[in-house]
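Accompanying notes for the structure given below.
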Ligand SMILES: C[S@@+](CC[C@H](N)C(=O)[O-])C[C@H]1O[C@@H](n2cnc3c(N)ncnc32)[C@H](O)[C@@H]1O
């Protein structure tokens, strides 16, 4: 598979809005004000609107319109089918440096949604500087999925895979060993004792990677998929049901992953459907995401149970401190006031004791905020 991502540059159809910040400092201040004012960076409605637009049969020149945080409408122009010779590509005009360019070409295939949280936007400013003509306050924007093509016409393979047979037998072996040892016994005990009053109907997992990567990380990714199967089986028992929906979303799944997971009644769904599926009756799992999952989830839902990396007071939003794709934030910590935290033994089960289970308290114990839904 040769897909890579390339940012589609957004612009205002009517030019820079009159009240747009003049300087980097003003831009950072405005961003923080928008964040602390509680304006949702992500909502199901805005995600759905972007999805509906990119699902149309788009051709070069078509426009996708997305409302930015400051209320301005930002326009993204489709470049579907465009081949940009030389790499990095020159989709947005001449290069702004004189670095030698590689001979590969970029072939634009389709549009996809990009997510940027407050810390991510701050880092874009630190990295690229404030450019007044480039819309900044866009937590949802458009990227292109592209093939990188060599001069001989071959598509560059960016993710090497193992065969379906090998992945299948490896994964089944994992599941068998785990079943015997009941690796997730502690997780199930905690769920039994904490979720009696919670109505839970489905599992939604994002960013677990896949089963077929040829890299070393495959082992931990297979374990994480094993965990959601254990969660699903636990939920079947709890609900005395023969079917419990169990969805996974990660752009790296290929047909072989989908087929293996389907055998275990796990359904691969395309971005952004997982965010739209999440609700207060879900168990949500997100591990080391490359998108700001914590921020998206905190804005769009209050799942019954969340399994993710420990929520800390580090926001990774300071210059020179390095960014993190899925940082914590004030909103995530606020959400966690609704939850009790449990160490379910992920150190042994998944290889990191920093992965924790957060179970939502009964509503009467929650402090404020309405249910999240749209
Ligand atoms: C650092 S990897 C972590 C993978 C796995 N959880 C692990 O611990 O090895 C981040 C994952 O986020 C995924 N990701 C990127 N965009 C995503 C999206 N829009 N929705 C869900 N997952 C996404 C990547 O494809 C990748 O598999």
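Remarks
- Gyration tensor verdict on region 14-66 (Cα atoms; rounded if a/c is under 1.5, prolate if a/b is larger than b/c, oblate otherwise): oblate
- The Cα-based radius of gyration of the chain, divided by its Kirkwood radius, gives an Rg/Rh of 0.97.
- Three-way shape call for region 3-149 based on the alpha-carbon gyration tensor, with the a/c threshold at 1.5: oblate
- Result for the chain in a Gaussian network model with C-alpha springs under 10 Å: among 282, 105, 301, the largest mean-square fluctuation is at 105.
- When shorter helices are ignored and each DSSP H run of at least 4 residues is given -39500 (n - 2.57), the per-residue value for the chain at 222 nm works out to -9500 deg cm²/dmol.
- Relative contact order computed over the chain (Cα-Cα under 8 Å; 6+ residues apart), in percent: 17
- Of 286, 72, 43, the one that fluctuates the most in a GNM where the chain has Cα springs shorter than 10 Å: 72
- Degrees between helix 185-194 axis and first principal axis of the chain (Cα, 0 to 90, nearest 10): 90
- Dimensions of region 200-334 based on its C-alpha atoms, expressed as ranges along the principal axes with the largest first, amount to 49, 35, 22 Å.
- Cα convex hull volume per residue for region 258-305 (Å³): 92
- Antiparallel DSSP beta bridges within region 164-365, as percent of all bridges there, nearest 5: 40
- To the nearest ten degrees, helix 44-54 and the longest principal axis of the Cα atoms of the chain are 60 degrees apart.
Each value in this text was obtained by applying a stated rule to the coordinates, not by laboratory testing. Just so we're clear, the structure is a prediction, and the values are computed from it rather than from any experiment.
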